[in-house]
Amino acid sequence: MKLSNQPPKGTADWLPAEFKIRQYIFSVWRQVCQRYGYEEYLTPLVESAEIYRAKSGEEVGGKELVTFKDFGGRELSIRPEMTPSVTRLVSQIYNSAAKPIRWFSIANFMRNEKPQRGRNREFWQLNCDIFGSSSLAAEVEILQLALDLMLEFKPPKNSFTLKISSRVLLKELFSKLKISDKQATAVARVLDKWKKLSPGAISESLTKVGLAKEQIKSLSSFMNNQQLPETPGGADLHFIFQALNDLGYKNYIKYDPTVVRGFDYYDGMVFEIFDNHKNNSRALFGGGRYNGLGALFGGQSWPAVGFAPGDETMKLFLESWGLLKKITEDTSRAVYYLPLLEAGLTKAVWRLAKALRQSGQQVELGLEPQKIGKALDYANKKGLSGVIIFGQEEARKKMYKIKNMATGKETRVNL
RNA sequence: GUGCCUAUAGUUUAGCGGUAAAACGCCGGGUUGUGGUCCCGGUAUCUUGAGUUCAACUCUCAAUAGGCACCCCA
């Protein structure tokens, strides 16, 4: 029987060329986070399945969950998101840790869903969070971090927009309109799709939830108003906008009441970063404040604000705006090729390779005897920066030559 | 879960009812210690199964795989 050499559906192999791209994205992420003083952490690939069932919602914590049973009959899941794991981690150390806690991680996740453009079953995410601060300064920092993560890739002007709103605004509005807590969740779901659904479909859905015409009208005028409402929640957002404007991010940020986000656990500021490219018009990633989750593990709750960009959407953004050319076009490697020009020199060549490596050089060794023409051809195709010529002639003179593949120049080095 | 599209060398694609082309890649040679160019050669049960036909890579149906959109979500 012939086995398929394709990776499982919804997963991807990273050949060296692809690996280079991912490494580039990850290293930019890591650098920017460290610049803000964030510390890196990692949790196990699997967690008890019930953590996700309790928290991640019907799809992500339900049929999209990849689970198996261990020998003790415990049901485990491959993580579909980081938030429950990091919440579990923080709950262990929260009381004794110096606050605020600033953490980030770069990890892979699995969701058993139908793959499509920008969405795979296995994907990687950066997770950034601040735990233990209720100050609006935490919101400002998280948003600034999100902006800097984008800007570090040197995107063109107007290539993306940070859209900000707050769940508090909805809360205030719901209370004013006398919408019950029971209705609130369902109403928020509908509002989340404001731009996708037609006005008719929206009022139909809202009527189904039990809202009166007047209530729907008020909701609609709120959603279409580009001005911040004059409420405590609006004042908080105003403070955030003011701070980001002062820091020079004015051109990238915008108030947008249609940003609601699907997850129920958001209870303060929420935001999404939109790709403005016409081929790729979508939310790249989002996040916000979620203060209530700590209680999941029995303890008290604590303030938290964070976000999580994914590797696939980020790569599409970079590709669309032509920001990966430098990475993909430069195939050169600072590696020397040391061919075996004579079978009799095998041991001497191995010793030379060892010595060069010990001095810090990257050396790729020829495994079988090879003509010098072939060796140069090989180094060329692999994009290696130089070839170390060490044959009978050189051995006799107790020296070797380094040939620079770009310039063709040879340098003699005595052994 | 719903809908649409696609399937030909390693890769990207052409092709016509009469037994397969190109480019690039890879391997070998031209060129036995000096590369990138050039030249020559090699590299395909046309996804699988059934049907229509004298004849199917080409038409029909099914299966399988992949992609895209919805749903959901980052």
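The values are calculated or read from the model by the stated rules, or taken from the named source; none is laboratory data. Keep in mind that this is a model prediction, so the values were computed, not measured. Cβ atoms come from the backbone with ideal geometry, glycine included; neighbour counts cover every protein chain shown.
For the reader, a short list of remarks on this structure follows.
- When residue A:256 is tested against (1) out of contact with any helix residue (DSSP H, G or I) (no Cβ under 9 Å at 6 or more places or on another chain); (2) touching a residue at least 24 places away in the same chain (Cβ under 8 Å); (3) acidic (Asp, Glu); (4) over 21 Å from residue A:187 (Cα atoms), exactly one condition is not met: (4).
- Residue match in the stretch A:44-57 (condition: β-branched (Val, Ile, Thr), at pLDDT 90 or above and either farther than 20 Å from residue A:129 by Cβ or crowded, with 19+ Cβ neighbours inside 10 Å (or both)): yes
Rundown of residues vs (1) closer than 14 Å to residue A:171 by Cα; (2) within 29 Å of the chain's Cα centre (by Cα); (3) surrounded by fewer than 18 Cβ atoms within 10 Å (Cβ to Cβ), yes/no style:
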residue	(1), (2), (3)
A:213	no, no, yes
A:250	no, yes, yes
A:263	no, yes, no
A:269	yes, yes, no
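- When the stretch A:401-415 is filtered for residues that are buried (at least 16 other Cβ atoms within 10 Å of the Cβ) and either within 9 Å of RNA strand B (Cβ to nearest atom) or farther than 14 Å from residue A:338 by Cα (or both), the ones remaining, listed by number, are A:401, A:403, A:405.
- Each residue in the stretch A:288-344 was checked for being in contact with a Phe, Trp or Tyr (Cβ under 7 Å, 6 or more places away or on another chain), assigned to a helix (DSSP H, G or I) and aliphatic (A, V, I, L, M), and 3 of them qualify.
- Within the stretch A:79-125, the set of residues being surrounded by 15 or more Cβ atoms within 10 Å (Cβ to Cβ) and more than 24 Å from residue A:283 (Cβ to Cβ) comprises A:88, A:89, A:90, A:91, A:94, A:100, A:101, A:102.
- Entirely in the stretch A:92-211, the helices (runs of 4 or more DSSP H) that have 1 or more residues that are in contact with a Phe, Trp or Tyr (Cβ under 7 Å, 6 or more places away or on another chain) and small (Gly, Ala, Ser): A:136-151, A:181-192
- Flag if residue A:380 is at pLDDT below 90 and within 10 Å of RNA strand B (Cβ to nearest atom): yes
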